[in-house]
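The values are calculated or read from the model by the stated rules, or taken from the named source; none is laboratory data. Bear in mind the structure is a predicted one, so any value in this text is a computation, not a measurement. Note that each Cβ is placed from the backbone with ideal geometry, even for glycine, and that neighbours are counted across all protein chains shown. Accessible surface is based on the protein model in full, side chains and every heavy atom, while ligands, DNA and RNA are left aside. Shrake-Rupley method; radii C 1.70, N 1.55, O 1.52, S 1.80 Å.
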Amino acid sequence: MDLIKNLQWRYAVKKYSDESVSEDKIDQIIEAVNLTASSCGIQPYRLFVITNPEVRQRLGEDSFNAQIHASSHLLVFAGFNEITNAYIESYVEMMEKQRNLESGGLKILEDTLVGYFSAQTPEQNTIWSDKQAYIGLGTALIAAAELKVDATPMEGFDPKLFDEVLGLSEKGLHASVIMSLGYRDAASDFLSSAPKVRLPIDEFSIRIN
Ligand SMILES: Cc1cc2nc3c(=O)[nH]c(=O)nc-3n(C[C@H](O)[C@H](O)[C@H](O)COP(=O)(O)O)c2cc1C
């Protein structure tokens, strides 16, 4: 399977070349994330795609990760701060339209979701949104590898700075996790030729037959 070969090829790049990733490939990575699964299917995060050099310089100010500014594109997976009734209603309305159902056809689902999320604390809903954003991150990593685009998933960033620079709080969002995209500078990245370190499959995976 090519996927396994491509996952063996990928690694978390530390040093990128100046080469840009084409917009067509970026669009495919975004589409892959949009197509991935989320719990209850309501996609409680948004994906920012940032190329602006000044914005990226500011975002990377407090981080040891030079990849925040020194790469082709930066993706920011931004989780919802709240799961509001209004959001659930509008999402369910969209579902009804996309599935050609009459208005109110998914009322039971809507009431169930409203009941469930309004019974959670804001902190629980934030953690839940972050988990969904991480599924997006995993999908973006796989999509990038399939396209032979290099990527670095990163938690080493200042979420408060990201919120401030990108105006996330006003949008009801917060930075959950980020990822750079680009092409490895193999000659100056010490990890480019390092063997991949993973557990033996039998230790990692436990089969119960
Ligand atoms: C959620 C997450 C956060 C990570 N944060 C960073 C980071 O801030 N900086 C970095 O250089 N690598 C980061 N990594 C990359 C990991 O260190 C790397 O994936 C791991 O060592 C396995 O190596 P490989 O991905 O190269 O196979 C992160 C990976 C994940 C999944």
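Descriptive notes on the structure:
- For the pair VAL197 and ALA86, a Förster radius of 45 Å applied to the C-beta separation gives a FRET efficiency near 0.45, rounded to the nearest 0.05.
- To put it simply, the accessible area of the chain at a 1.4 Å probe is 54 percent carbon and sulfur.
- DSSP beta bridge pairing in the chain, given as percent antiparallel to the nearest 5: 95
- Per residue, in Å², the accessible surface of the stretch 68-209 once ligands and nucleic acids are set aside, probe 1.4 Å: 57
- Peptide packing for 51-62, 145-156, 113-124, 191-202 was compared via the average number of neighbouring C-beta atoms within 10 Å per residue; ordered from the highest value, the list is 145-156, 51-62, 113-124, 191-202.
- Measuring r between the beta carbons of GLU93 and ALA187 and using R0 = 35 Å, the FRET efficiency lands at 0.10.
- Along each principal axis, Cα extent of the chain, largest first, Å: 58, 52, 32
- Full-extension gain in nm, LYS5 to SER169, via 0.36 nm per residue minus C-alpha separation: 55.0 nm
- In a reduced charge model with +1 at each Lys and Arg Cβ and -1 at each Asp and Glu Cβ, the stretch 116-209 shows a dipole moment near 320 debye about its Cα centre.
- Applying a length cut-off of 15 Å (Cα extent along the axis) and a mean Kyte-Doolittle floor of -1.0 to the DSSP H helices of the chain leaves 23-35, 85-98, 107-118, 122-146.
- Annotation for GLU123 and GLU102: the two label points, set 7 Å from Cα along the Cα-Cβ direction, are 4.5 nm apart.
- For ALA70, no residue whose modelled amide H falls within less than 5 Å of its own remains once neighbours fewer than 5 places apart on the same chain are excluded.
- Projecting the Cα atoms of VAL114, LEU74, ALA86 onto the dipole axis of the chain, where Lys and Arg carry +1 and Asp and Glu carry -1 at the beta carbon, places LEU74 farthest toward the positive end.
- Furthest towards positive pole of dipole, LEU161, ASN6, GLY104, structure part the chain, Cβ charges: ASN6
- About its Cα centre, the dipole of the chain is roughly 620 debye, where the only charges are +1 on Lys and Arg Cβ and -1 on Asp and Glu Cβ.
- For SER176, residues with placed amide H under 5 Å, excluding near neighbours: PHE77, ALA78, GLY79
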